[in-house]
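**Q** Questions regarding the structure given below will be posed in turn.
The values are calculated or read from the model by the stated rules, or taken from the named source; none is laboratory data. All of these numbers come straight from a predicted model, not from anything done at the bench. Please note: Cβ atoms are built from the backbone with ideal geometry, for glycine as well, and neighbour counts cover all protein chains shown.
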Amino acid sequence: MEWNLLSGLSVDERRELLMVARRRTFARNEVVFHRDDPADTMHLIVRGRFAVRIVTPLGDTATLALLSPGQTFGEVALLTEEGRRTATVLALEPGETRSLHQVDFAALQRRHPQALDVLVRALATRLDALSAQLVDALYVPADRRVLRRVAELAALYGEGRDGEVAIPLTQEDIAGLAGTSRATVNRVLRECEARGLVRLERGRTVVLNAAAIVRGGGGR
């Protein structure tokens with residue numbers, strides 16, 4: 001597995017970092033950590049998909065991001081002492097990560113100061129993603145945001161049987177990713193179903209025509 005995050009390190013530095021990282025495995029729906037848990041590790045995803053979630057002030061659960069192999073989460077933990085997690089992360093399917101502890105990273109950084117670039121790169125990537133989400137939330141209509149998220153999820157999960165793509169997320173999950181309500185997601189998806197673009201099933205959405213959904217979402 002290759003992580004873009006580590007591309008600035010030499011082969012020896014990457015090897016040394018991964019040697020001190022701990023292999024972690026997770027079952028479907030297993031929580032990696034909860035919001036407000038002590039933060040002392042970063043995770044590099046090897047296998048599976050992970051959801052980043054929070055509970056809103058109204059008591060609803062919102063999915064902020066969906067992460068896949070080659071991505072990372074928990075980077076801020078390596079920069080702060082006695083920090084706390086800002087969101088809950090759980091495995092949406094059987095998954096595996098390499099967990100890097102704050103103490104081990106600090107020791108690596110003392111030997112290789114450029115290892116700090118790993119975190120700078122990770123935080124810059126996270127900031128870019130948050131900026132894009134903010135622009136979407138402020139300037140893109142909710143219906144189009146829903147179509148964009150569905151198109152992105154279809155690309156993430158890839159083609160299945162007969163070109164269909166099954167997205168194993170609830171409409172509430174999609175609503176969190178799109179920054180809108182479940183009612184809006186349901187309406188948009190029902191309209192897509194009537195046009196033959198998706199098929200709605202219990203707990204998941206099956207995309208039948210991803211190209212049409214991409215056009216409806218206005219691309220990126």
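**Q** Kindly establish whether L9 is over 27 Å from A137 (Cβ atoms), aliphatic (A, V, I, L, M), out of contact with any Ser or Thr (no Cβ under 7 Å at 6 or more places or on another chain) and assigned to a helix (DSSP H, G or I).
**A** So L9 fails the test.
**Q** Condition first: closer than 15 Å to D104 by Cβ, free of Cβ contacts under 8 Å to residues at least 60 places away in the same chain and within 17 Å of the chain's Cα centre (by Cα). Now tell me which residues in region 1-49 satisfy that.
**A** Scanning region 1-49 gives H43, L44.
**Q** Which pairs have Cβ atoms under 6 Å, sit 6 or more apart or on different chains, and link a residue in region 182-205 that is under 18 Å from R144 (Cβ atoms) to one that is surrounded by 15 or more Cβ atoms within 10 Å (Cβ to Cβ) and of a type in the set (S, T, Y)?
**A** From region 182-205, the pairs are V198/T205.
**Q** So if I check each of V89, V135, which one is within 21 Å of A62 (Cα to Cα), at pLDDT 80 or above and part of a helix (DSSP H, G or I)?
**A** Exactly one residue qualifies, and that residue is V135.
**Q** Sticking with this one: Among the residues of region 84-122, which ones are out of contact with any Pro (no Cβ under 9 Å at 6 or more places or on another chain), loosely packed, with under 15 Cβ neighbours inside 10 Å and closer than 15 Å to L67 by Cα?
**A** Listed by number, the list holds a single entry, P94.
**Q** In addition: Write out, first by first residue and then by second, each pair whose Cβ atoms fall under 6 Å of each other, whose residues are 6+ apart or on separate chains, and whose first residue, in region 164-175, is more than 15 Å from A210 (Cβ to Cβ) while the second is in a strand (DSSP E or B) and not small (G, A, S).
**A** Every condition considered, the pairs that remain are P168/R204; D173/T63.
**Q** Would you pick out the residues in region 138-152 that are out of contact with any Ser or Thr (no Cβ under 8 Å at 6 or more places or on another chain) and within 17 Å of L66 (Cα to Cα)?
**A** Within region 138-152, L147, R148, R149, A151, E152 qualify.
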